[in-house]
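So the structure is just underneath, and the comments pick up after that.
Every number in this text was worked out from the coordinates using simple rules, so none of it is lab data. None of these values were measured; they are calculated from a predicted model. Glycine gets a Cβ as well: all are built from the backbone with ideal geometry, and neighbour counts include every protein chain shown.
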Amino acid sequence: MIVGIDLGTTNSAIAYWHDGEPRLIPNALKGELTPSAVSIEKNGAVHVGSSALDRMAFAPEQTATSFKRWMGTKQNVRLGRGKPHDATEMSAMVLRSLLDDAEAHLGERPTEAVITVPAYFNDKQRKATRRAGEMAGVVVRRLINEPTAAALAFGLQDKEDREPFLVFDLGGGTFDVSIVEKFENIIEVRASSGDNRLGGDDFNEAISALAAPRLDVDDALEALSPAKRNALLFLAAERARRALSTASETDFSIVVDGEEISSIVTAEEFSHAAAPLLKRLKEPVVRALRDCQMDPGDLSEIVLVGGATRMPIVRNALTRMFGRFPNNSIHPDHAVALGAAVQAGLLSG
Ligand code: ADP
Ligand code: MG
């Protein structure tokens with residue numbers, strides 16, 4: 001059986017082709033996304049996903065996230081007591097965990113996979129990803145570009161030739177804009193641009209900068225190590241920001257020494273604080289269009305991908321930028337994995 005895998009910087013997901021459509025496979029916690037996080041205890045016990053991320057707040061030195069950023073490099077970290085791990089090895093741990101979930105859900109362990117990679121990944125980064133798949137025990141049938149996968153999930157393969165999709169992908173730490181087109185049954189990425197230092201995490205920092213000074217914390221927060229303090233503030237900001245995707249105000253709260261301390265942030269304040277980040281969304285879009293000599297009017301669809309596009313302020317900025325509503329018929333968190341499963345379906349006929 002072939003599965004499709006979105007091996008993301010922040011979150012990963014696995015899907016398969018069933019009864020003529022792609023379907024996500026839930027993990028052991030019934031979630032459709034598995035955080036791309038690894039934590040290793042001193043005794044060698046390995047945690048992957050949500051349980052690893054939870055350990056970030058109290059054992060940051062044993063926990064790694066965003067290691068996809070070092071894919072294809074020699075950079076490594078030593079978590080727990082064992083040997084250091086590089087990004088390929090930690091990605092293999094994430095893949096193995098996804099495959100375990102697939103086996104539990106489907107009753108059969110997948111033997112082959114289509115894995116997605118950013119369109120800008122070079123040969124070394126692609127080889128490292130392929131290697132991670134092999135280490136996790138699957139035959140990597142194909143690596144496909146994330147925007148290509150997203151476009152497949154949104155049905156590009158059923159469109160006429162030369163009906164370009166603009167894929168707008170705002171993840172946890174990276175922003176990718178791609179223009180994808182079908183021509184004579186080949187799907188190609190015509191242009192790709194972005195900002196690899198812009199994503200949901202930066203919006204967390206904006207919230208934290210706004211709300212943390214309002215917390216009445218005495219010295220309790222100051223007494224923590226910088227790593228622990230940052231982890232606490234980051235998690236509080238993450239919760240607050242998600243809440244603001246559907247509410248007009250929320251609590252920014254942390255627990256220090258068993259005591260909860262909180263302050264209120266409104267959506268309006270957040271929108272104000274995030275304005276400089278929202279401004280940075282435009283330039284890569286302009287560049288991608290210019291690279292293939294297109295106007296916004298030439299685009300057949302503007303599709304939203306990545307969890308951070310769930311922020312209403314991002315959707316509004318985009319609607320203003322293009323003068324029309326983006327297509328959000330597929331859940332932005334799921335599009336890449338679903339598209340990888342479409343490719344898996346095509347490969348298995
Ligand atoms: P990546 O491609 O980097 O793995 P994802 O597409 O999974 O990342 O996006 C992760 C980002 O999406 C995080 O910054 C997270 O905060 C954000 N996100 C997820 N759900 C929401 C939500 N409901 N509101 C706002 N942001 C969200
Ligand atoms: Mg992604």
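Some observations on this one:
- Counting only Cβ charges, +1 for Lys and Arg and -1 for Asp and Glu, the dipole size of the chain around its Cα centre is about 960 debye.
- Gaussian network model of the chain, Cα within-10 Å springs - most flexible of Ala57, Ala209, Ala151: Ala209
- The charge dipole of segment 89-215, taken about its Cα centre with unit charges on the Cβ of Lys, Arg, Asp and Glu (plus for the first two, minus for the last two), comes to roughly 360 debye.
- The value given for segment 264-316 is a Kirkwood hydrodynamic radius of 13.0 Å, derived from the mean inverse Cα-Cα separation.
- On full extension, the segment bounded by Lys282 and Ala243 gains 11.5 nm, given 0.36 nm per residue less the C-alpha separation.
- For segment 19-97, the Cβ-based charge dipole about the Cα centre amounts to some 360 debye (Lys, Arg positive; Asp, Glu negative; other atoms uncharged).
- Scattering profile of segment 186-243 at q = 0.15, 0.29 Å⁻¹ [log10 I(q)/I(0), Debye over alpha-carbon scatterers]: -0.55, -1.22
- Cα shape, the chain, gyration tensor, a/c 1.5 rule: oblate
- Distance from the C-alpha centroid of segment 13-36 to that of segment 280-349: 21 Å, rounded to the whole angstrom.
- Comparing mean-square fluctuations of Ala275, Ala240, Ala136 from a GNM of the chain with C-alpha springs under 10 Å, the top value falls on Ala275.
- Candidates Arg214, Arg55, Arg130, ranked by Gaussian network fluctuation over the chain, Cα under 10 Å, top entry: Arg214
- Column: log10 I(q)/I(0), Debye, Cα scatterers of segment 134-240, q = 0.12, 0.15, 0.23 Å⁻¹: -0.64, -0.78, -1.13
- Pairs from Lys68/Lys159; Lys42/Lys124; Lys124/Lys182; Lys42/Lys228; Lys42/Lys83 whose Cα-Cα separation, in the structure shown, is over 22 Å: Lys68/Lys159; Lys42/Lys124; Lys124/Lys182
- With bins 10 Å wide beginning at 0, the percent of Cα pairs of segment 1-108 falling in each bin runs 15, 46, 29, 9, 1.
- Those GluC sites (Glu not before Pro) in segment 49-158 that DSSP places in a loop and that have at most 15 other beta carbons within 10 Å: Glu108
- Qualifying trypsin sites (Lys or Arg not before Pro) for segment 239-309 [loop in DSSP, other Cβ within 10 Å: at most 14]: Arg280
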